[in-house]
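The structure appears right after this line, and notes come after that.
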Amino acid sequence: MESINRTAIELVDEALDFADEMNLAAHELDNEATVIDFGVDAAGGIEAGVLLTEIQTAGLANVTTAMGEVAGAPRPHIELTTDHPAVALLCSQKAGWELEFDDFAGLGSGPARAQVGKETEFEKVGYYDTFEFATLSIESPQLPDEAVAEHVADLAEVEPSGVFLPTFAAGSTVGSVTMAARAAELAVFRLMELGYDPTDVITASGSAPIAPVTHDEELAMGRTNDALAYGGEVYLQVESDSDAFENLPSTAREEYGTPFIDIFQNADWDFYEIPETVFAPAGVTVDVVDGPTYALGETNDDLLAESFGYV
């Protein structure tokens, strides 16, 4: 497979070319790295969220919007399909890069992770990338500075001028959109954690509702994760059968029924102290080629309506 940072940079160029139309704001740092504000100070929007999801998956996924329902009320959903789930979802989209500085904290996802390749996913999938540009999408309520860009450049082994940092807050429209697009990623990652070979997943499709936007970052984390745990639906086509499938949906976890904001609070608001079993979609269909089909879990509109603040 060709460089996923090369395919992503074409989408980054699109964001830069149509920044005004998508309500984005781009600026160059003193070290010539480029920050693109998708939802910190900039307004962003649903279409901007779709484009950022495409950047996060390095152009290897088809991302669309669709109208659905939550508790009988119309609500937009994000749908994502990829025929390259191991690379697109685990080696690119997954938010696996923790950024911690004295005055900045964020979660990084996107193809730049493959230029570092230190996470377990890369060993399991066997994919690593080398390219002159590095794109890291950052979830943070503040925009990154030169120190963040230098850190990314050093680990990705590129010049700072080759670093592109599209950034958004969880409490933004783009935050709600990009999180809703992670249903399939959660399922494939959960499978890998259960010992299933992620390269045996042939096709992955996911759908989830776009959570209501709130500028309270903690509440936003709760709503967007609940959108997946109680409203996310996934279809997987896989090569081989496994007993691991029964543990895929959120209904199989001990914490099922507990709003994510409560789980987050119990972890002292430390995202990395939350059990990995918490992150799972509501319903999963697993279609084994030349084998059985499993229909697992279910959505829960009552819990979603409570999380979303429906009245």
With a ≥ b ≥ c the root eigenvalues of the C-alpha gyration tensor of the stretch 153-222, is it rounded (a/c under 1.5), prolate (a/b larger than b/c) or oblate?
oblate
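What order, most packed first, do the peptides 95-103, 147-155, 253-261 have when packing is the mean number of other Cβ atoms within 10 Å of each residue? Walk me through the numbers on the way to the answer.
On the way: 95-103: 13.9, 147-155: 19.6, 253-261: 16.7.
Top of the packing list down: 147-155, 253-261, 95-103.
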The whole-number value in µm²/s of the Stokes-Einstein translational diffusion coefficient for the chain, with Rh from the Kirkwood sum over alpha carbon pairs at 4 °C and 1.567 mPa s, is 68 µm²/s
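Taking K and R as +1 and D and E as -1, what net charge do the other residues with C-beta under 15 Å from the C-beta of E123 add up to?
-1
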Highest-fluctuation residue, P281, P209, P160 considered, GNM on the chain with Cα pairs under 10 Å:
P160
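Where the only charges are on Cβ atoms (+1 Lys, Arg; -1 Asp, Glu), what is the dipole of the chain about its Cα centre, to the nearest 20 debye?
Result for the chain is approximately 780 debye, rounded to the nearest 20.
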Prolate/oblate/rounded call for the stretch 32-142, Cα gyration tensor, a/c under 1.5 rounded:
oblate
Expressed as a whole percent, how much of the Cα-Cα distance distribution for the stretch 168-311 exceeds 28 Å?
17 percent
For a Förster distance of 25 Å, can you work out the FRET efficiency between the beta-carbons of Y310 and D287, rounded to the nearest 0.05?
0.15
Tell me, T293, T135, T81 in order of fewest to most beta-carbon neighbours within 10 Å?
T293, T81, T135
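At a Förster distance of 41 Å, what's the computed FRET efficiency of K124 paired with E14, Cβ-Cβ distance as r, to 0.05? Walk me through the intermediate numbers first.
On the way: r = 31 Å, r/R0 = 0.75.
Here the calculated transfer efficiency is 0.85.
FYI, it's all coordinate maths here, none of it is from the lab. This is a predicted model, so every value here is computed, not measured. Note that we place each Cβ from the backbone using ideal geometry, even for glycine, and neighbour counts take in every protein chain shown.
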